[in-house]
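The values are calculated or read from the model by the stated rules, or taken from the named source; none is laboratory data. Values in this document were obtained by computation on a predicted structure and should not be read as measured data. Here the Cβ is made from the backbone with ideal geometry for all residues, glycine too, and neighbour counts use every protein chain on show.
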Amino acid sequence: MENSETTEEQKLALVQANREAGLIALAKLREPFPDNEISKLPKPTRAQSQCDVGQKIRCQICGGFHHPKVIHLDYVGHAALTKRLLDVDLAWNWEPLTYDDGGLPTFDSTGGLWIKLTVCGMTRLGYGHAPIKEGPGDRMKEVIGDALRNAAMRFGAALDLWHKGEFVNNGDEPKTSGTKTSLPPYDFEKNKETLKGFIENGRDIETLIASIQSKATLTIEQINEVRTWKKQ
Ligand SMILES: [Zn+2]
C-alpha cells in the first residue's frame with residue numbers, strides 16, 4: 001500500500017514538473033506579435049460594401065479595393081500564428097472536437113468548427129467560423145484558421161489585439177469599443193456545485209475552464225477558485 005502511494009506521489013511530482021516547464025514555455029505565446037506579423041483586415045459597414053464601384057479605391061493599408069473610409073482591424077494571420085505555435089512547442093497539435101461517421105471533422109450546422117488545441121501538453125477548446133465563400137474548401141480552411149486563432153487566444157496569443165477590441169472574427173460586425181469577444185458573464189454561483197461534481201468525477205480542470213471560457217466569461221478570481229478545488 002505504502003509503495004503504491006509513493007509511486008503515485010512520484011507520478012504527481014513528475015506531472016507537476018512537466019506542467020511547470022510547460023507553463024514557462026506557454027508564456028511565450030502571450031508575447032506581443034511584432035508589427036510585421038500583424039495584418040490589417042478591412043471591416044466595411046454594409047453601406048460601404050454596397051457603395052458605388054466608382055467610390056471605391058485601391059487601399060494603401062490592406063491592398064484591397066474598397067470604400068476609402070473603411071476601418072481596418074489588426075489581426076494575426078495563420079502563418080504568423082503557426083510560426084508562434086512552433087516557436088513555443090514543435091509538437092503542438094490541433095484536432096476537431098468530434099468526427100463524423102466518415103471520420104472527418106464535424107462542422108456544425110452553420111459551418112463552424114470546434115477544435116482542441118494542444119500546446120505543451122495543455123489542451124483548450126476553440127471555435128471558428130467564416131463567411132460563405134465561392135469554394136466550400138476555401139471556407140473550411142478559413143474556419144480552421146479562425147478556430148486556431150480563437151483557441152490560441154485562450155492561451156493568451158495576441159490577447160492584446162482582442163483586448164483593444166480591434167480584432168473581430170471574419171463575419172462579425174465591427175466592434176469599436178468594449179471587449180470584442182462579447183461573451184456573457186458565466187453564472188458562476190449557480191453552477192458552482194455542478195462544476196465541483198465534474199471535477200470530483202475526474203474532469204480535467206483546465207479543459208473544464210477552457211470549455212466554459214469558450215462560451216462565457218470567467219473572472220480571474222473564479223478561475224483561481226476552480227483551480228483550488230483539485231486540492232480538496
Ligand atoms: Zn484596406
Strands (runs of 3 or more DSSP E) contained in the stretch 60-131 and holding at least 1 residues within 16 Å of the ligand (Cβ to nearest atom) and not charged (D, E, K, R): 71-76
Considering residues of the stretch 31-54 that are within 14 Å of the ligand (Cβ to nearest atom) and part of a helix (DSSP H, G or I) only, the residue surrounded by the most Cβ atoms within 10 Å (Cβ to Cβ): GLN48
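Just to be sure, is LYS83 of a type in the set (D, E, K, R), under 20 Å from MET122 (Cα atoms), at pLDDT 90 or above and surrounded by 10 or more Cβ atoms within 10 Å (Cβ to Cβ)? Steps first, please.
Working: of a type in the set (D, E, K, R): yes; under 20 Å from MET122 (Cα atoms): yes; at pLDDT 90 or above: yes; surrounded by 10 or more Cβ atoms within 10 Å (Cβ to Cβ): yes.
It is true that LYS83 is of a type in the set (D, E, K, R), under 20 Å from MET122 (Cα atoms), at pLDDT 90 or above and surrounded by 10 or more Cβ atoms within 10 Å (Cβ to Cβ).
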